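The values are calculated or read from the model by the stated rules, or taken from the named source; none is laboratory data. These numbers come from a predicted model, not from an experiment. Note that each Cβ is placed from the backbone with ideal geometry, even for glycine, and that neighbours are counted across all protein chains shown. Each accessible area value is taken on the protein alone, full model and side chains, heavy atoms only, with ligands, DNA and RNA left out. Shrake-Rupley method; radii C 1.70, N 1.55, O 1.52, S 1.80 Å.
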Amino acid sequence: MTFSPELEAKFEKLLKSYPPGRQRSAVVPMLLYAQDELGSVTGELVEEVARRTGITPLEVNEVVSYYSMLSRQPRGKYHIQICTNISCLLTGGEELWEHACRKLGIGNKEVTPDGQFSLEEVECIGACSWAPALQVNYEFHHHMTPEKLDRLIDNLRKAV
Amino acid sequence: MLYNEPSPLEVKVLTRRFGLPNSQSLDTYLASDGYKAFRKAVEMGPEKVLEELKVSNLRGRGGAGFPTGMKWGFVPRNSPKPKYVVVNADEGEPGTCKDRLLMENDPHQLLEGMLIAGFVVDAHVGYIYVRGEYRYVIEILDRAIAEAYERGYLGKNILGTGFDFDVYTHTGAGSYECGEESALLESLEGKRGVPRIRPPFPAVAGLYQCPTVLNNVESFSAVPAIIRDGGAAFAALGTPKNGGTRLFCISGHVNKPGVYELPMGFNLLRMINEVAGGVRGGKKLKAVIPGGSSCPVLKAEECDISMDFDSLAKAKSMLGSGGVIVMDEDTCMVKAALRIMRFYQHESCGWCIPCREGTLWLRKLLARVHEGGGTQSDVPLIGELAKNMLGRTFCPLGDAAAMPTIAFVEKFREEFEAHLNGAPCPFESKPVSA
């Protein structure tokens, strides 16, 4: 399996970040960085990460099923993650979530038919003092309102 | 970046460089006393550094409040095994958003804290375990690390001291449980983040079963100031046994939510009214979760309290990770309890049965009560079920789920009872999704 030169360089650096014989440590970062490039954690990727870190595909699969950011299903180009945990709940996170579902016509962990957007209701993302908050892929958006969300989605649609 | 206006009541020690132009850069750091503490630590030697840390009364900022100097002292410096420094940057306790700021605004302060830790315990490798959602923070840290290598603040023979130290960032991939130190170590070893039974503690058998110093970002970030200005000066900022300042993350129903650095022991009511601008909309204060979602809730009348580890423990709550969640008179306590339980049920790793099953059934019970389908016996059942989880799990996640639930039921029993036998939620018409 081949990856982009940037990702190959990242893998090489990662595998050198841990002491000799401890390359298994690179499994979670490798999976996440590869998912960013491939769109999901595929069976082929699991085999490849297992091969490069010297563990079995089963051991890699055990890891994949544990971490909430790793996904075997492809997500939208823009993965919108809305926090509804306590601080966001108190400041309108739930209304924001419902608004996003209506606006995009999809539910939790679903993808729009054109593959551009996916939605996920997430747990605390560490933006409690600037709630309600969401992330589009890795980008934070603070102090959100349904109106701001509309503008955000409309702008992303234009960019598509 | 800063996401809220600072308060004039702040005492800026760890956040003193926040807002300076290019505060992430090595030059800005050096221009404001950067890496002086490391040079001083090397002159002092490990024993004196440890002593200074103990004098500072710095207590773990991740939530447990364990004295940092004592924790470092448990590491067997002369062990023939390699030793490691691990930073817990898996910030995930709901209500907490401070480590993000410390890393993005002053990454070198954290690196210097790690260097000093490495010097004290004779470790030569450090890892910063950052939650996966903080990708941009990892990029900032990586740039700071690269800059430190280029200018000789990391790598071989640092500043001619003969001390070698390497630092690497490591991304998580979505797991609250990995913020628990033993689960974090499992995750850093490339496994599922399930906790280890302790003892042995990480100081003795941590990463790769080797002695490991493991602290929160804020704890490491406090070390340079302590060594530079002295442990006594840091201690004097706080209250007895609770040295220094800490970053309080105020969220919820206040006019000016934000992260503010305040002395340990700052009064909670003053924090809400004077630092955070009071309860928004002129409403009355109903309750405060003082230290992140696992901390038992305080009723409004309990909020005239000193925000330090010991005063909160005396009030049967916790200072935790500094997440102050403020709730006004219109907040449904059943809904708050349910949302918090949904979180713990989602994040329970499933390793210990009392936690895995307990969180699930508590979620179901709380949802039933909130939807109006509860009966009289459900209210005491919630409390009893939660009490039966306490102390019966490898890691504190089970307790973290049980403790706030017990407090919600005991302190707001009448609200739970107002939801029973088909009654609609007194605070809203539509039920929260379970």
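For this structure, a couple of remarks:
- Each residue, B:LYS283 and B:LEU9, gets one label point 7 Å from its Cα in the Cβ direction; the gap between the two is 2.1 nm.
- Taking a sphere under 14 Å around the Cβ of B:ASN421 and counting the other residues whose Cβ falls inside, with K and R at +1 and D and E at -1, yields a net charge of -2.
- Under the criterion of Cα pairs below 8 Å and six or more residues apart, the relative contact order for segment A:5-66 equals 28 percent.
- Label sites at B:ASN157 and B:HIS124, each approximated as a point 7 angstrom past Cα along Cα to Cβ, lie 1.4 nm apart.
- Expressed in units of 2.2 N^0.38 Å, where N is the residue count, the Cα radius of gyration of segment B:25-164 is 1.05.
- A simple packing score, the average count of other Cβ atoms within 10 Å per residue, orders the peptides A:96-109, B:281-294, A:123-136 as A:123-136, B:281-294, A:96-109, with the highest score first.
- Interchain or long-range residues, amide H under 5 Å from A:SER71's placed H: A:VAL41
- All-pairs Cα distance distribution in the protein assembly as shown, expressed in whole percent, bin size 20 Å: 21, 56, 23, 1
- Against the main long axis of the alpha-carbon atoms of chain B, helix B:333-347 sits at an angle near 50°.
- 3J(HN,Hα) along segment B:2-12: 10, 10, 8, 5, x, 10, x, 7, 5, 10, 8 Hz, from the Karplus curve 6.51 cos²θ - 1.76 cosθ + 1.60 with θ = phi - 60°, whole Hz, x for Gly and Pro.
- With contributions of -39500 (n - 2.57) from each DSSP H run of at least four residues, the per-residue ellipticity at 222 nm computed over chain B stands at -11500 deg cm²/dmol.
- Per-residue 3J(HN,Hα) values for segment B:289-297, derived from phi via the Karplus relation 6.51 cos²θ - 1.76 cosθ + 1.60 with θ = phi - 60°, read 8, x, x, x, 5, 7, 8, x, 5 Hz in sequence order (x marks Gly and Pro).
- A Gaussian network model of chain B, with springs between Cα atoms under 10 Å, assigns the largest mean-square fluctuation among B:ALA89, B:ALA173, B:ALA37 to B:ALA173.
- Take every pair of alpha-carbon atoms less than 8 Å apart whose residues are at least six positions apart; their mean separation over the length of chain B yields a relative contact order of 16 percent.
- With all pairs of different C-alpha atoms in the average, the Kirkwood value for the hydrodynamic radius of segment B:333-418 is 12.4 Å.
- In Å², nearest 10: area of B:GLU371 left accessible to a 1.4 Å probe: 110 Å²
- Derived scalar couplings ³J(HN,Hα) [segment B:28-34; Karplus, 6.51 cos²θ - 1.76 cosθ + 1.60; whole Hz; x for Gly, Pro]: 4, 5, 5, 5, 10, 6, x
- A full extension of the chain between B:ASN421 and B:ASP166 corresponds to an added length of 85.6 nm, given 0.36 nm per residue minus the alpha carbon distance.
- Take each residue in A:78-86, count the other chain C-beta atoms within 10 Å of its C-beta, and the mean is 4.
- In degrees, nearest ten, helix A:43-53 long axis to first principal axis of chain A (Cα): 50 degrees
- Stokes-Einstein D for segment A:5-66, Kirkwood Rh over Cα pairs, 10 °C, 1.306 mPa s (µm²/s): 137 µm²/s
- Once the Cβ-Cβ distance of A:ASN155 and B:ASN78 is raised to the sixth power relative to R0 = 60 Å, the FRET efficiency obtained is 0.50.
- Per residue convex hull volume, Cα atoms of chain A, in Å³: 127 Å³
- Using the rule -39500 (n - 2.57) for each DSSP H run of four or more residues, divided by the residues of chain A, the 222 nm mean residue ellipticity is -13500 deg cm²/dmol.
- Surface analysis of the protein assembly as shown yields an accessible area of 37 Å² per residue, using protein heavy atoms and a 1.4 Å probe.
- Computed from Cα positions, the angle between helix B:378-389 and the longest principal axis of chain B comes to roughly 30 degrees.
- Near B:VAL213, once Lys and Arg are set to +1 and Asp and Glu to -1 for all other residues with Cβ below 9 Å from its Cβ, the sum equals +2.
- Using a Förster distance of 45 Å, the FRET efficiency for B:GLU43-B:ARG392 (Cβ separation, nearest 0.05): 0.40
- If only the Cβ of Lys and Arg carry +1 and only the Cβ of Asp and Glu carry -1, the dipole of the protein assembly as shown around its Cα centre is close to 700 debye.
- Taking a Cβ cut-off of under 13 Å around B:GLY350, the surrounding Lys, Arg, Asp and Glu residues balance to a net charge of -2, with basic ones at +1 and acidic ones at -1.
- Distant-in-sequence amide H partners of B:ASN215 (H built 1.01 Å from N, under 5 Å): B:VAL86, B:ASN88
- Hull-based mean projected area of segment B:197-339, where the convex hull spans the alpha carbons, in square nanometres: 10.6 nm²
- For chain B: rounded, prolate or oblate by the Cα gyration tensor [a/c cutoff 1.5]: prolate
- Here A:GLU62 and A:THR42 are evaluated by their C-beta separation; at R0 = 22 Å the FRET efficiency comes out at 0.85.
- By DSSP, the beta bridges lying fully in the protein assembly as shown are antiparallel in about 45 percent of cases.
- Using a probe radius of 1.4 angstrom, the carbon and sulfur fraction of the accessible surface of the protein assembly as shown is 54%.
- Estimated distance in nm for a label pair at B:ASN255 and A:LYS103, the labels positioned 7 Å out from Cα along Cα-to-Cβ: 3.0 nm
- Of the chymotrypsin sites (Phe, Trp or Tyr not before Pro) in segment A:1-91, not one is in a loop by DSSP (not H, G, I, E or B) with at most 11 other beta carbons within 10 Å.
- Rounded to the nearest 100, the interface formed by chains B and A buries 4400 square angstrom of accessible surface, both chains summed, with a 1.4 Å probe.
- Amide H partners (placed H, <5 Å) of B:ASP328, local residues excluded: B:HIS253, B:LYS286
- Average partner coverage of B:164-177, which counts Cβ from other chains inside 10 Å: 5
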